[in-house]
Amino acid sequence: MNLSQLKSIRTTIYSKAKKRVGRGYGSGVGHSSGRGTKGQKARTGGQIPYWFEGGQLPLTKRMPHRKGFKPVTKKHFTILDLLDIKSLDKEVIDLAELIKDGYVQDVKDGVKILGTGKFDKKVKLTGFIYTKTAKDKIEKAGGTAM
């Protein structure tokens with residue numbers, strides 16, 4: 001046996017001759033060539049796209065759409081009021097302490113402090129996001145908001 005007489009594995013095992021359809025009844029795929037009888041899918045060029053829903057309004061047209069360009073990303077802040085901070089008996093408050101003590105859970109994009117109610121406690125706050133009124137009330141009471 002010579003190496004030049006070896007046949008390629010690819011041609012002997014893996015390849016299969018294409019079935020010739022429409023070549024008479026005796027071939028097994030004559031007459032309608034394996035497409036069944038009649039109907040759109042039996043015709044030439046009658047393939048329908050995978051997203052076609054039989055004339056029903058397509059899903060792509062039923063979905064709501066946005067006009068123009070506006071980023072979809074939105075910040076999710078955990079909300080705290082100044083009244084909540086007033087109830088804490090600490091002079092220096094940061095985010096790590098609030099999480100450790102269990103006052104806030106599930107902090108995604110930070111904690112935002114709102115300026116609701118009266119505030120007269122001198123406190124140092126670090127690592128939060130403040131509304132304008134909250135920052136003014138904290139500074140007016142003699143505290144710092146960083």
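Rule-based calculations on the coordinates, nothing more; no lab input. The structure displayed is predicted, hence computed values, not measured ones. Reconstructed Cβ throughout: ideal geometry from the backbone, glycine too, with neighbour counts over all protein chains shown.
Structure summary
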| item | result |
| --- | --- |
| Rounded to 5, the percent of DSSP beta bridges in the stretch 1-132 classed as antiparallel | 0 percent |
| Burial order of peptide ranges 66-74, 101-109, 128-136, 86-94 (average beta-carbon count within 10 Å, highest first) | 128-136, 86-94, 101-109, 66-74 |
| Cα pair distances of the stretch 78-145 binned at 5 Å [whole percent] | 4, 18, 33, 29, 13, 3, 0 |
| Antiparallel bridge percentage (DSSP; both residues within the stretch 78-145; nearest 5) | 0 percent |
| Translational diffusion of the chain, µm² s⁻¹ [Kirkwood Rh, Cα pairs; Stokes-Einstein; 4 °C; 1.567 mPa s] | 55 µm²/s |
| Violating pairs (Cα-Cα greater than 23 angstrom) within the set K75/K124; K41/K61; K74/K140; K86/K137 | K75/K124; K41/K61; K74/K140 |
| Dipole magnitude of the chain about its Cα centre (Cβ charges: Lys, Arg +1; Asp, Glu -1), debye to nearest 20 | 1800 debye |
| Full-stretch length increase - E53, Q5 - with 0.36 nm per residue and alpha-carbon distance subtracted | 11.8 nm |
| The chain - mean residue ellipticity at 222 nm from DSSP helices (-39,500 (n - 2.57) per run, n ≥ 4, rounded to 500) | -4500 deg cm²/dmol |
| Spatial separation of Cα centroids for the stretch 17-80 and the stretch 84-139, in angstrom | 55 Å |
| Unit charges at the beta carbon, dipole of the stretch 78-145: most positive-side option, Y103, T78, T144 | T144 |
| Segment R35-K112, extension gain: residue separation times 0.36 nm, minus the distance between their alpha carbons | 21.2 nm |
